[in-house]
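Contents: one structure, followed by commentary.
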Amino acid sequence: MNKITLMAIFSFGLEAIVKRELQGLGFDQLTVANGKVEFEATPEDIPKANLWLRCADRVLLKVGEFKAITFDELFEGTKALPWEEWITKDGQFTVTGKSVKSVLGSVRACQSIVKKAVVERLKEKFKTDWFEETGPEFTIQVGMLKDMATLTIDTSGSGLNKRGYRLQAGEAALKETLAAALVQLSFWNKDRLLIDPMCGSGTILIEAALLARNIAPGLNREFASERWPSIQKSAWREARRNAKEGIDKNPELQIYGYDIDPSMIEASKANVKRAGVEVDIIFEQKDIKDLWIDNQYGILISNPPYGIKLGRFEDLNEIYISIHKTFRKKTGWSVYVLTADKKFPDYFKRAKPDKVRKLYNGPLEVNYYQYFGERPKS
Ligand SMILES: C[S@@+](CC[C@H](N)C(=O)[O-])C[C@H]1O[C@@H](n2cnc3c(N)ncnc32)[C@H](O)[C@@H]1O
């Protein structure tokens with residue numbers, strides 16, 4: 001079996017969780033860095049990684065890495081890599097790029113050099129001057145970091161957050177990958193009550209239900225590398241079949257979502273249907289001020305409106321006060337709140353947060369405040 005190196009890329013702060021996901025999928029040769037984990041695999045592992053990773057944005061195939069401080073070095077280094085093992089004679093390929101702390105700082109120039117070098121290589125290997133570019137898609141990325149060039153091909157296509165279930169999203173909807181991370185960073189499991197009292201389009205709760213049912217997040221979508229002849233079709237078929245067989249068909253979940261905005265509740269209901277987990281979540285329109293909790297134990301995961309994006313500051317204060325009033329004496333409840341507002345712990349005074357994790361919601365730096373509750377006595 002051919003050994004290859006894959007790279008799962010994701011937003012900063014999710015390193016430990018993506019590492020855990022990869023280990024859970026059986027990958028053990030892992031190298032973790034900021035925003036990426038490299039892992040040893042075979043081409044037949046590409047379907048599994050794409051279908052199952054819940055928190056990563058993409059899976060890239062690493063074609064090579066070398067030092068380049070001149071365009072000649074970039075050209076020759078790129079041309080020396082075995083592109084023909086992946087890119088087909090009729091392949092359509094584009095080159096994207098980024099450059100950080102490198103002499104070769106012009107991204108556009110790097111992209112164009114890499115494109116020329118790949119074309120030269122393919123001309124020689126396929127013994128042709130003419131490429132039709134009607135076949136599968138290959139998105140090459142040249143990443144320059146401290147003068148090291150990393151050349152990759154994107155195996156995912158559209159980002160892995162695009163699960164296909166969320167056609168309707170609120171203006172401040174979380175990426176599905178981040179929502180999945182919030183759930184996995186909590187101690188929630190399928191036997192425990194879960195609520196999101198400001199659920200928007202329902203993303204956190206839908207990701208929780210997918211996790212609880214062991215539904216592969218990518219099961220209902222396609223990936224760019226599905227059309228690559230270098231990966232056997234049977235590997236895709238088998239990965240999908242295994243994923244379908246592994247679904248837990250009868251979990252008894254207690255998941256509730258509320259939002260003040262009726263249009264968000266409608267959106268959540270439509271999304272949950274498309275995700276195939278509509279029997280698992282109950283949605284209801286409700287202002288958090290009216291939330292009444294009579295269970296001794298449970299888990300709240302939510303991201304309130306951010307002052308700068310939605311709502312007025314007074315409304316935010318009211319929301320925080322409601323959380324405080326409802327949960328200050330509920331020591332059996334774990335409370336997990338994602339917000340950019342550093343004042344949140346001044347309002348929720350049950351205790352100091354047990355953990356504060358810095359994450360990124362797109363470009364916005366946010367904190368995930370974690371207050372652990374007592375666990376139910378078994
Ligand atoms: C940042 S959005 C949540 C996005 C959600 N996590 C998603 O992925 O779609 C915050 C939500 O809080 C809701 N909201 C604002 N004030 C509220 C209140 N007083 N009670 C309940 N929900 C409220 C808004 O309607 C909005 O949908």
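The values are calculated or read from the model by the stated rules, or taken from the named source; none is laboratory data. No experiment lies behind these values; they were computed from the predicted model shown. For neighbour counting, all protein chains shown are included, and Cβ atoms are generated from backbone atoms with ideal geometry for every residue, glycine included. Ligands, DNA and RNA are stripped out before the accessible areas are found, and what is left, the full protein with its side chains, is counted by its heavy atoms. Shrake-Rupley method; radii C 1.70, N 1.55, O 1.52, S 1.80 Å.
If you go through segment 207-231, how many residues are out of contact with any Asp or Glu (no Cβ under 8 Å at 6 or more places or on another chain), over 14 Å from Leu300 (Cβ atoms) and within 16 Å of the ligand (Cβ to nearest atom)?
Looking only at that region, the number is 2.
Between a residue in segment 268-291 that is more than 30 Å from Leu219 (Cβ to Cβ) and any residue that is among the hydroxyl-bearing types (Ser, Thr, Tyr), which pairs come within a Cβ distance under 6 Å, given they are 6 or more apart or on different chains?
Lys286/Tyr258; Ile288/Ser322; Lys289/Ser322; Leu291/Thr326
Name the single residue, out of those in segment 157-168 being under 12 Å from the mean Cα position of the chain (by Cα) and open to solvent by less than 30 Å² (accessible area, probe 1.4 Å), that is nearest to the ligand (Cβ to nearest atom).
Once the filter is applied, the top-ranked residue is Asn161.
Of everything in segment 85-99, what is open to solvent by 70 Å² or more (accessible area, probe 1.4 Å) and within 21 Å of Ala68 (Cα to Cα)? Give them in sequence order.
If we filter segment 85-99 for residues that are open to solvent by 70 Å² or more (accessible area, probe 1.4 Å), which is where we start, we get 85, 89, 94, 98.
Correct list: Thr94, Lys98.
Could you list, in sequence order, all residues of segment 263-306 that are away from the ligand (no atom under 14 Å from the Cβ), open to solvent by less than 10 Å² (accessible area, probe 1.4 Å) and outside any loop (DSSP other than H, G, I, E, B)?
Gly298, Ile299, listed by residue number.
Counting just the residues of segment 16-49 that are of a type in the set (Gly, Ala, Ser) and not in a strand (DSSP E or B), which one comes out nearest to Gly143 (Cα to Cα)?
So the residue we want is Gly35.
Every residue in segment 348-360 that is under 27 Å from the mean Cα position of the chain (by Cα) and open to solvent by 40 Å² or more (accessible area, probe 1.4 Å), please.
Once the filter is applied, which keeps residues that are under 27 Å from the mean Cα position of the chain (by Cα) and open to solvent by 40 Å² or more (accessible area, probe 1.4 Å), segment 348-360 yields Asp354, Lys355, Val356, Arg357, Lys358, Tyr360.
Name the pairs whose Cβ atoms lie under 8 Å apart, with the first residue in segment 188-202 and within 15 Å of the ligand (Cβ to nearest atom), the second small (Gly, Ala, Ser) and assigned to a loop (DSSP other than H, G, I, E, B), and 6 or more positions between them or separate chains?
Short answer, once both residue conditions are applied: Asp196/Gly202; Gly200/Ala169; Gly200/Gly170; Gly200/Ala172; Gly200/Ala173; Ser201/Ala169; Ser201/Gly170; Ser201/Ala173.
Could you tell me whether Thr177 is open to solvent by 20 Å² or more (accessible area, probe 1.4 Å), of a type outside the set (A, V, I, L, M, F, W, C) and either in contact with a Cys (Cβ under 9 Å, 6 or more places away or on another chain) or closer than 24 Å to Ser225 by Cα (or both)?
In short, no.
Any chance segment 53-67 includes a residue that's over 19 Å from Leu6 (Cβ atoms) and either in contact with a Pro (Cβ under 8 Å, 6 or more places away or on another chain) or modelled with pLDDT of 95 or more (or both)? Walk me through how you get there before you give the answer.
To start, the set of residues in segment 53-67 that are over 19 Å from Leu6 (Cβ atoms) comprises 67.
Filter again for either in contact with a Pro (Cβ under 8 Å, 6 or more places away or on another chain) or modelled with pLDDT of 95 or more (or both), leaving 67.
Within segment 53-67, one or more residues are over 19 Å from Leu6 (Cβ atoms) and either in contact with a Pro (Cβ under 8 Å, 6 or more places away or on another chain) or modelled with pLDDT of 95 or more (or both).
Only one residue in Glu133, Glu171, Glu137, Glu207 is crowded, with 18+ Cβ neighbours inside 10 Å and not aliphatic (A, V, I, L, M). Which one?
Details: Glu133 fails: crowded, with 18+ Cβ neighbours inside 10 Å; Glu171 fails: crowded, with 18+ Cβ neighbours inside 10 Å; Glu137 fails: crowded, with 18+ Cβ neighbours inside 10 Å.
Answer to the selection: Glu207.
Quick check, is Ala49 surrounded by 23 or more Cβ atoms within 10 Å (Cβ to Cβ), under 27 Å from Lys233 (Cβ atoms) and under 18 Å from the mean Cα position of the chain (by Cα)?
yes
Looking at Thr94, Thr128, which one is closer than 30 Å to Ala179 by Cβ and not hydrophobic (A, V, I, L, M, F, W, C)?
Thr94
Give the residues of segment 252-262 that are open to solvent by 50 Å² or more (accessible area, probe 1.4 Å), within 13 Å of the ligand (Cβ to nearest atom) and within 25 Å of the chain's Cα centre (by Cα), sorted by residue number. It would help to see each step written out before you state the result.
Going residue by residue through segment 252-262, those that are open to solvent by 50 Å² or more (accessible area, probe 1.4 Å) are 252, 254, 256, 260-262.
If we keep only those that are within 13 Å of the ligand (Cβ to nearest atom) too, we end up with 256, 260-262.
Residue satisfying the conditions is Tyr256 alone.
Just to be sure, is Ala173 of a type in the set (Gly, Ala, Ser) and under 16 Å from the mean Cα position of the chain (by Cα)?
yes
For segment 113-130, give me each residue that is outside any loop (DSSP other than H, G, I, E, B), open to solvent by 50 Å² or more (accessible area, probe 1.4 Å), over 15 Å from Glu73 (Cβ atoms) and out of contact with any helix residue (DSSP H, G or I) (no Cβ under 6 Å at 6 or more places or on another chain).
Within segment 113-130, Lys115, Lys123, Glu124, Phe126 qualify.
Here are the criteria: (1) within 16 Å of the ligand (Cβ to nearest atom); (2) among the β-branched types (Val, Ile, Thr); (3) over 30 Å from Glu38 (Cα atoms). Tell me which single one Val183 does not satisfy.
(3)
If we scan segment 234-251, do we find a residue that is assigned to a loop (DSSP other than H, G, I, E, B) and buried (at least 17 other Cβ atoms within 10 Å of the Cβ)?
no
Step by step: first the residues of segment 316-347, then only those that are open to solvent by 60 Å² or more (accessible area, probe 1.4 Å) and assigned to a helix (DSSP H, G or I), then the one that is nearest to Ile293 (Cα to Cα). Which residue is that?
Lys325
Among the residues in segment 8-15, are any open to solvent by 10 Å² or more (accessible area, probe 1.4 Å), under 22 Å from Val100 (Cβ atoms), at pLDDT 95 or above and assigned to a strand (DSSP E or B)?
yes
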